[in-house]
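The values are calculated or read from the model by the stated rules, or taken from the named source; none is laboratory data. None of these values were measured; they are calculated from a predicted model. For neighbour counting, all protein chains shown are included, and Cβ atoms are generated from backbone atoms with ideal geometry for every residue, glycine included. Just the protein is used for accessible areas: all its heavy atoms, side chains included, with ligands, DNA and RNA removed. Shrake-Rupley method; radii C 1.70, N 1.55, O 1.52, S 1.80 Å.
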Amino acid sequence: MGRTPREKSEFGLYHVRLRGNDRQILFDSDAERLDFLRLMRERLVSQGVTVLAWCLMSNHVHIVALDEGDLLSSCFHDLASIYAREHNTRTGHLGHVFQTPFRSSPINDESYLLEAVRYVHNNPAHEGICTASEWPWSSYQEYVGRSDHGIASTGLVLDLLGGVRQFEEFTAHFDDESLLTSPSTRMSDDGALGLARRVLPGCDPRGLKGSDPSERDRALRALSAAGLSNRQIERVCGIGRKTVARAVRNAAPLVPGTNGATRC
């Protein structure tokens, strides 16, 4: 059976995950982390993939990327192949270093973009290691001017949030119950309802069915951007699957300078 084609983003924005094969450690030292960052500059940034956020953990890597030239697959293949070869030479390891293929999730809404960036920077906090601001191996340090790694393009996210101070505040207010905290697991319906109520303050998600269609669809897009699947939205809101799918499919384009806030 062939591989399922990678889902494409309308705007070329993706949340990419690279994981060690069988959860093996990818970085045995800071020198290896610096080598990986060098390859990110050479094989992603220099080739035309814009990196908006990144975080290196012990056995996995998160990257938020803007791929306007449809280069993601080839560039990440080169990055992973070269690093794996160098890693195996240094350590004497035999076999695959990374799980293949890499995983990517399309980002089609500015709200989801911001949540993905926040999630990536808060990976050390989610793992119980330290806060985002204390972790030296992420683009957080580039955003706040404490690093010259020269990898992350910070302008879009800072424009959307309003500046460095707002970025720090936004990152610090990380909701550990968000779906983004665990991309490989499913949120319960109770958790999905709680998230929906936070995304739509002052609005009962179960009352959307009788609201104005334009306001209803805007709310459905906000729930999708927050990470709820179409099926979860259907169950939480009691709205038909076709209506949910149509609203999500017709999401408005990203507009820098707007905050994506939604009200009922």
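A few points about this structure:
- Residue selected from segment 99-136 under the condition open to solvent by less than 10 Å² (accessible area, probe 1.4 Å) and either more than 19 Å from the chain's Cα centre (by Cα) or among the small types (Gly, Ala, Ser) (or both), by the criterion modelled with the lowest pLDDT: Ala116
- Unique match (being more than 14 Å from Phe102 (Cβ to Cβ) and touching a His at 6+ places or on another chain (Cβ under 9 Å)) among Ala31, Ala53: Ala53
- In segment 32-49, the residues that are open to solvent by less than 60 Å² (accessible area, probe 1.4 Å) and closer than 18 Å to Asp148 by Cβ: Arg33, Asp35, Phe36, Leu37, Leu39, Met40, Leu44, Val45
- Within segment 212-231, considering residues that are among the polar types (S, T, N, Q) and part of a helix (DSSP H, G or I), the one surrounded by the fewest Cβ atoms within 10 Å (Cβ to Cβ): Ser214
- In segment 56-74, the residues that are touching a helix residue (DSSP H, G or I) at 6+ places or on another chain (Cβ under 9 Å) and under 15 Å from Arg103 (Cβ atoms): Met57, Asn59, His60, Val61, His62, Ile63, Val64, Ala65, Asp67
- Check on His62, at pLDDT 90 or above, closer than 24 Å to Thr171 by Cα and touching a Cys at 6+ places or on another chain (Cβ under 9 Å): yes
- Hits in segment 77-92 (condition: surrounded by 15 or more Cβ atoms within 10 Å (Cβ to Cβ) and at pLDDT below 85): His87
- Qualifying positions in segment 50-75 - over 17 Å from Ser153 (Cβ atoms) and either open to solvent by less than 10 Å² (accessible area, probe 1.4 Å) or part of a helix (DSSP H, G or I) (or both): Leu56, Met57, Val61, Ser73, Ser74
- Selected residue (criterion: farthest from Gly128 (Cα to Cα)) from residues of segment 175-210 that are at pLDDT 80 or above, open to solvent by less than 50 Å² (accessible area, probe 1.4 Å) and outside any helix (DSSP H, G or I): Cys203
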